[in-house]
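The structure appears below as structure tokens.
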Amino acid sequence: MSNRPLSDQPAVDALADRLATAPWIALDTEFLRERTYRPQLCLLQLATPDEALCVDPLADIRLEALRPALAGGTAPKILHAARQDLEVLWPVFGAIAPLFDTQVAAALTGLPAQIGYSELVRRLLGVELPKGQTRTDWSKRPLSEAQLTYAIDDVAHLAPLRERLLEQLARLGRLSWLEEELAGLAHEERLFIDPDKAHERLRWSAELDADRTRLLQRLAGWRERRAAEKNRPRSWILDDAALRALALSAPRDATQLARIGELAPGFIERSGPAILQEIAAADLPAQLPPLAPRQRPDPEVQAQVRRLAAIVQKRAAELNLAAEVLATRRDLESIVHGDTSADALTGWRNEVIGRELLAAG
């Protein structure tokens with residue numbers, strides 16, 4: 001039996017009709033993002049109780065025919081580690097709903113927080129999946145039978161995993177936890193980077209003073225918007241080393257810009273004026289002071305974080321959960337600094353651990 005993907009519109013339209021009455025839809029994608037800003041959808045895999053198949057997004061078809069089934073209805077859409085798939089599918093379908101993420105559910109049962117699909121299938125279903133296609137270029141056609149079998153395997157076991165995980169979570173009394181976790185998965189702000197907050201993803205941004213941080217915000221935002229506009233990886237527009245050099249030195253003219261060794265001449269020629277415009281708009285003082293030496297972590301703050309971490313470890317052990325499911329180190333640092341918006345202080349986590357952390361912090 002051939003696994004050839006659907007590649008003509010009548011077949012896709014017929015699939016849409018069948019999906020409309022399916023009690024659940026298992027879903028996965030294969031994509032490439034090495035050469036683009038937005039991931040390129042290369043294959044769409046779907047399963048229902050009656051079939052498991054692939055759809056070829058690179059063929060001359062309108063995937064929008066599947067939107068009513070995937071972005072609406074009551075049938076759960078079952079994925080594993082859904083975030084990247086949701087990002088890939090958003091331009092075509094918008095928010096996929098309602099969602100069930102087997103990785104999220106597995107973490108709430110006590111399995112590793114980032115457990116992979118193959119390992120989860122092995123642990124819960126006793127099935128060993130082949131790993132031979134992990135480096136496949138999914139944009140190349142034709143796809144081999146081995147590639148397509150591998151792709152279909154990625155959806156074939158999602159429904160049994162969901163059943164098993166729901167049973168375990170019901171026994172543990174954690175179905176409400178899962179409902180809360182799944183509710184926020186498909187929010188647009190969680191899937192995409194706000195250009196004005198792109199600088200926050202750079203760990204070294206915390207080393208900068210207020211003026212350089214303001215400059216970095218503008219430069220990182222410019223890079224994010226340019227990468228999206230050109231649909232190229234942000235590092236192809238301006239890599240992190242060059243971005244850091246610009247934020248530190250804040251060149252005011254073409255001569256100063258040319259002295260930055262991390263910038264290629266071609267970049268300066270193409271984008272130098274835009275960079276200088278962003279620097280001017282940052283409204284910096286005429287002369288930036290030298291950057292202060294990086295401060296050593298405050299011993300008292302670190303001691304408080306360790307105390308909170310010990311509380312989390314103890315509670316996680318009692319619940320048979322990975323500690324990071326309850327609270328991340330960033331959560332703990334935020335709590336120590338008086339930030340009450342940390343995830344550990346909201347929802348079910350607040351009931352389980354948040355109040356105790358606040359009292360101890």
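Scanning region 306-361 for residues that are surrounded by 19 or more Cβ atoms within 10 Å (Cβ to Cβ) and part of a loop (DSSP other than H, G, I, E, B), we see that the one that is modelled with the lowest pLDDT is 342. Please go through region 112-132 and give me each residue that is assigned to a loop (DSSP other than H, G, I, E, B), surrounded by 15 or more Cβ atoms within 10 Å (Cβ to Cβ) and over 22 Å from the mean Cα position of the chain (by Cα), ordered by number. Once the filter is applied, which keeps residues that are assigned to a loop (DSSP other than H, G, I, E, B), surrounded by 15 or more Cβ atoms within 10 Å (Cβ to Cβ) and over 22 Å from the mean Cα position of the chain (by Cα), region 112-132 yields only 129. Looking only at residues in region 197-233 that are among the charged types (D, E, K, R) and crowded, with 21+ Cβ neighbours inside 10 Å, which one is nearest to the chain's Cα centre (by Cα)? Filtering first and then ranking leaves 224. Within region 37-63, the only residue that satisfies the criterion of being in contact with a Cys (Cβ under 9 Å, 6 or more places away or on another chain), among the hydrophobic types (A, V, I, L, M, F, W, C) and either open to solvent by 20 Å² or more (accessible area, probe 1.4 Å) or not in a strand (DSSP E or B) (or both) is 58.
Out of curiosity, is residue 194 out of contact with any helix residue (DSSP H, G or I) (no Cβ under 7 Å at 6 or more places or on another chain), open to solvent by less than 60 Å² (accessible area, probe 1.4 Å) and either more than 19 Å from residue 96 (Cβ to Cβ) or not aliphatic (A, V, I, L, M) (or both)? So residue 194 fails the test.
Beta carbons closer than 7 Å, at least 6 apart along the sequence or on distinct chains, pair a first residue in region 2-23 that is under 15 Å from residue 58 (Cβ atoms) with a second that is open to solvent by 70 Å² or more (accessible area, probe 1.4 Å) for 9/62. Among the residues making up region 1-36, those that are assigned to a loop (DSSP other than H, G, I, E, B), over 27 Å from residue 163 (Cα atoms) and of a type in the set (S, T, N, Q) are 2, 7, 36.
The values are calculated or read from the model by the stated rules, or taken from the named source; none is laboratory data. All values reported here derive from a predicted model rather than from experimental measurement. Quick reminder, even Gly has a Cβ in these numbers, built from the backbone with ideal geometry, and neighbours come from all protein chains shown. Side chains are part of the model used for accessible areas, which takes the heavy atoms of the whole protein and leaves out ligands, DNA and RNA. Shrake-Rupley method; radii C 1.70, N 1.55, O 1.52, S 1.80 Å.
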